[in-house]
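Bear in mind these aren't lab numbers, they're just calculated from the coordinates by the rules spelled out. Keep in mind that this is a model prediction, so the values were computed, not measured. Here the Cβ is made from the backbone with ideal geometry for all residues, glycine too, and neighbour counts use every protein chain on show.
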Amino acid sequence: MTAISPEAVFDRPADARPDYLRIRAGLASWLFTLDHKRIGVMYLVGILGAFLLGGIFALLIRTELFTPARTVMSADRYNQFFTLHGAIMTFLVIIPGIPAALGNFVLPIMLGARDLAFPRVNLASFYLWVVGAILAVLAIVLGSVDTGWTFYVPYATETTMGGVIPVLLGAFVLGFSSIFTGLNFIVTIHKMRPPGMTWFRLPLFLWALYATAIIQILATPVLGITLVLLIVERVFKLGIFLPALGGDPVLYQHFFWFYSHPAVYIMILPAMGIVSELISVFSRKHIFGYTFIAFSSIAIAIFGFFVWGHHMFVSGQSTMLSTIFSLLTYSVSIPSAVKVFNWLATMYRGSIALKTPMLYALAFIFLFGIGGLTGLFLGALATNVHLTDTYFVVAHFHYVMMGSTLIAMIGGLHYWWPKMTGRMYSEKAGVIAWALVFIGTNLTFFPQFIMGAHGMPRRYYNYPPEFQFLHQLSTVGSYLMAVGFFLTAAYLLHALFRGARAPANPWGGATLEWRCASPPPPDNFERPPVAGDPYDFSEIDYDPQTGGYVYTPRPAPAAASAAH
Amino acid sequence: MATSSTAADPHAAHPAHGASPAHGGHPPHLAHQFDTPAQQFESVVQGMWLFLATEILLFGGLFCAYAVYRANHPEIFYYAHKYLDTFWGAVNTVILLCSSFTMAAGVWAAQRGRRGMLSVMLALTLLGGLGFLGIKYVEYKHKWEAGLLWGRHYQPRYPPGYHGDPAGQDAPAPRAPAAGAALSVATPPATTAPPATPLGAVPNAAARGNPPDTADALAATDGPTVTATPAVPTADAPDPSWNLHPFESGPRGLLLPGQAPPLASEPLPVRNVHIFFGIYFAMTGLHGLHVVAGLIVIGWLLVGAVVGRYSGGYFTPVEVGGLYWHLVDLIWIYLFPLLYLIH
């Protein structure tokens, strides 16, 4: 086996400078950092913390629903908990999730860049997230909110609960955090690609983040104005939504869902991008149908703007409008299905390594398959009338949000963990935790499809005894999931301190982030490496000496530098 | 913000580059993530255009609300817009257009490194913006005093189209706005889209397929009776006929003391006029906040211009500040005809 010099792997000697974690210490160096990697790590810590908080509310909800009548809390408290669970998970965890926690870290490195286009805007976006999180927590303290995370009028404007305004302000602030992230990503991808990286040599994760950023830019401001109007309506009684003042409450629903439907594509597109990376790398095979997957991300982003009315089929809107929305909703499913077929085709005759990230990617395909297909039941008008506001809807969106986005985020976290921390985690623990999470997810949410189809309404505190068994299955599943997540946190934290040192490229990826050290130095690359095909594994070879893969371009250059 | 991302010293942000001789010839304003000043300039400008797109969508929600309510209740908008003073709205429009011109001239000066002219132009732009805000203040103050506010606070004291001095000869006797007790949520029939008889050339209720409203028909419902003679209001006593009454007496003026209520055969006056003012204050208020933000940006640019931060080689903040100010102007260009010039 030929000796491979470090210069062939990195564009500078491997141990020339400390990595981004060790370059400077102290709280101020983190709070005032402009390094996208540190900002990404701070986002990750915050988002996982918010996930813990939202998860605790979820466990409380499921515990209450273990028995038909009161189990551990009053009905009013129950209403507050499902509202807070929804608001925290949606606005603090799932929408920022992958772009902020993983995208911030990975995007510039995948482009061979030194940072994002606007590091200060990036930091501002993080500060805004923190402010939004503080406001959300403040809402809990200041009198709570029980409107449901959708804040429908007139209840949202009439209720005297003290937590409504903080939550609305928090969501508004979080909207701008999202906008700044999207703005940053678009300009970075437009202007800071390395030599050789044409649009159709972008890694698919970046196509996904790009499509997500387009939605963030165009849809989130509408949420902003909606929340502002809701606050003004509540405080000043503006008269735009309240029927008692001649306003139109359905107008609020149109405004709210005009953002909130594209928001679900903000949630799912980056997840699909991660899955594209994972499937290709862990099948050691070029992604199938690259162009189709790239364009399908853009198609989902565009079509996603035209279907918001499918949340309002029973709001009294005209049948003609409902029919149009239903038809358009079906059209959005097509690009999603295109991706699934391409992933499966990628795996066919590939050399599949069932490492933990790959297990999460496979779980995604299964769970997204169920979640996406059940969306079709909801998109059809006749069945929608039967299933609206039942547990069927709850199960559908949890399969796509929890079962798909969150699963992909954890898979991505495992995939890029060695790059971010420089450590490897225990593969065995990873598999066990994955199994708990996968089984737990299905056990929690599949019974909800059944009870929803049988008529169990959502957001209900009491229910008839015939649903109890299904509720109990669901609750047990949620505890199982929780155990899986806590185990994941435990072994990842353990890896931080005791894990084996990670090589630059533990998985054999061909994208550019695997060409810098794990963890990367502060400015990633002195000069950007020349980009080739991000899914061509023919030049990536395993090096038993380092326990990882190295990139050896063929023909191997005479000089000891891989970048020129 | 994108405007400030390039102004700080990149060396402070990146200590490893600090005194490195390998970066000799490195332009002082080039941030470390960019390779060339041109790349930096183009990126910042693109970032600002994207931000402007988000602002357009932010206002878009309000324009959409305007469109929906105007499509459903054109009579409200036609009636209420006469309360607005078109003259001062036009003055505001001219002021903002001129300030956009001075801003563009400032950018022109910055591109050529002409510090003095840049400072003057920025100062003029600032003055224009302040003038705009001053006029808006006067307009809002008038609305407040005239009781022309949103929702339940809509308690008009004068007929539409009257902008003169309250003590003038043709002024109706001003009366104190009635106390909230005069209001009753129960009085209007509980519908979200109350059928309102439009006025003049606007298609009437019958044309839209609704049964024509008459005073008698409403008198027969649970609403308050029109035929009841309103109490003769004194200067201080609250007059229930003024405030969120099912009727406003329409273009013939407000119901003045001693005036008989409309005849049963006459078309009803406009209801829910407060919706117009809700939308008016939301749109102009949000716009005003953006003007204030723009003035802060221009003020900061002016300080930078005076101390000589900008040159022919680096004027990016001026460029993107200019873009923002032009958008603020553009939004007003749309607001003015939609609110003031309805025909």
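Residue by residue through region A:494-500, what is 3J(HN,Hα) from phi via Karplus (6.51 cos²θ - 1.76 cosθ + 1.60, θ = phi - 60°)? Round to whole Hz and write x for glycine and proline.
4, 5, 4, 9, 10, x, 5
On the Cα set of region A:476-559, report Rg and Dmax in Å, please.
17.5, 61
Beyond 21 Å between alpha-carbons counts as too far, so tell me which of A:LYS339/A:LYS428; B:LYS82/B:LYS141; A:LYS285/A:LYS339 fall in that bin. Write down the numbers at each step before the final one.
Numbers: A:LYS339/A:LYS428 30 Å; B:LYS82/B:LYS141 17 Å; A:LYS285/A:LYS339 16 Å.
Check vs 21 Å cut-off fails for A:LYS339/A:LYS428.
Residue-wise, which Karplus ³J(HN,Hα) couplings in Hz belong to region A:44-52, taking 6.51 cos²θ - 1.76 cosθ + 1.60, θ = phi - 60°, and x for glycine or proline?
My calculation for region A:44-52 gives 4, 4, x, 5, 5, x, 5, 4, 4 Hz in order.
Would you compute the Debye intensity of region A:453-522 from its alpha-carbon atoms alone, equal scatterers and no solvent, and pass along log10 I(q)/I(0) at q = 0.26 Å⁻¹ to two decimals?
Log10 of I(q)/I(0), two decimals: -1.12.
Would you calculate the separation in nanometres between label points at B:HIS343 and A:TYR479, each defined as 7 Å from the Cα along the Cα-to-beta-carbon direction?
7.3 nm
Non-local amide H neighbours of A:ALA500 (under 5 Å, H modeled in plane, Pro and chain starts lacking H): which ones?
Long-range HN contacts for A:ALA500: A:MET424.
Kindly put A:PHE364, A:PHE66, A:PHE397, A:PHE126 in sequence by how many other C-beta atoms sit within 10 Å of each C-beta, fewest to most.
Details: A:PHE364 28, A:PHE66 14, A:PHE397 20, A:PHE126 24.
Exposure proxy ranking, most exposed first: A:PHE66, A:PHE397, A:PHE126, A:PHE364.
Would you mind giving the mean number of other chain beta-carbons within 10 Å of the Cβ of each residue in A:228-238, as a whole number? Write down the numbers at each step before the final one.
Working: counts 6, 6, 0, 0, 7, 4, 0, 0, 8, 6, 11.
Taking the mean over all residues of the peptide, I get 4.
For region A:161-215, max minus min Cα coordinate along each principal axis, in Å, sorted largest first?
Computed over region A:161-215, the largest-to-smallest principal extents equal 56, 17, 11 Å.
What are the residues whose amide H is under 5 Å from the amide H of A:ARG114, where those residues sit 5 or more places off or on another chain and H is modelled from the backbone?
Residues meeting the criterion, in which the H sits 1.01 Å from N, do not exist here.
Compute the angle between helix A:427-453 and the longest alpha-carbon principal axis of chain A, please, reported from 0 to 90 degrees and rounded to the nearest 10.
Roughly 30 degrees between the two axes.
Could the peptides A:138-148, B:276-286 be put in order, highest first, of the mean number of other beta-carbon atoms found within 10 Å of their residues?
On the way: A:138-148: 18.9, B:276-286: 23.3.
The packing order, highest mean first, is B:276-286, A:138-148.
Please work out the Cα convex hull volume for region A:24-551 and give it in Å³ per residue.
141 Å³
What fraction, in whole percent, of alpha-carbon pairs in region A:375-488 exceed 25 Å separation? Each step should come with its number before you reach the end.
Working: 2163 of 6441 pairs.
The answer is 34 percent, as a whole percent.
Counting Lys and Arg as +1 and Asp and Glu as -1, what is the net charge of the other residues whose Cβ lies under 15 Å from the Cβ of A:VAL145? Walk me through the numbers on the way to the answer.
On the way: positive: A:ARG77, A:ARG234, A:ARG459; negative: A:ASP76, A:ASP146, A:GLU158.
After counting each charged neighbour, the total is 0.
How much FRET efficiency would the formula 1/(1 + (r/R0)^6) give for A:LEU496 and A:ASP541, where r is the Cβ-Cβ distance and R0 is 25 Å, rounded to 0.05? Intermediate results must be reported in sequence, preceding the final value.
Details: r = 29 Å, r/R0 = 1.16.
Result of the calculation: an efficiency of 0.30.
Using the per-residue mean of other Cβ atoms lying within 10 Å as a proxy for protection, in what order, highest first, do the peptides A:191-199, A:512-520, A:243-251 fall? Can you show the working numbers first?
Numbers: A:191-199: 16.4, A:512-520: 24.0, A:243-251: 20.7.
Ranking the peptides A:191-199, A:512-520, A:243-251 by packing returns A:512-520, A:243-251, A:191-199.
What fraction of the Cα pairs in region A:267-380, stated in percent, has a spacing above 21 angstrom? Intermediate values should be presented prior to the final figure.
Values: 2689 of 6441 pairs.
For region A:267-380, the share of Cα pairs beyond 21 Å comes to 42 percent.
I need the calculated FRET efficiency for the pair B:TRP300 and A:THR150, taking r as the beta carbon distance and R₀ as 30 Å, to the nearest 0.05. All intermediate terms of the calculation are to be shown ahead of the outcome.
Working: r = 39 Å, r/R0 = 1.31.
Here the calculated transfer efficiency is 0.15.
With the crude spin-label approximation of a point 7 Å out along Cα→Cβ, what separation in nm comes out for A:ARG24 versus A:PHE200?
It works out to 4.4 nm between the two label points.
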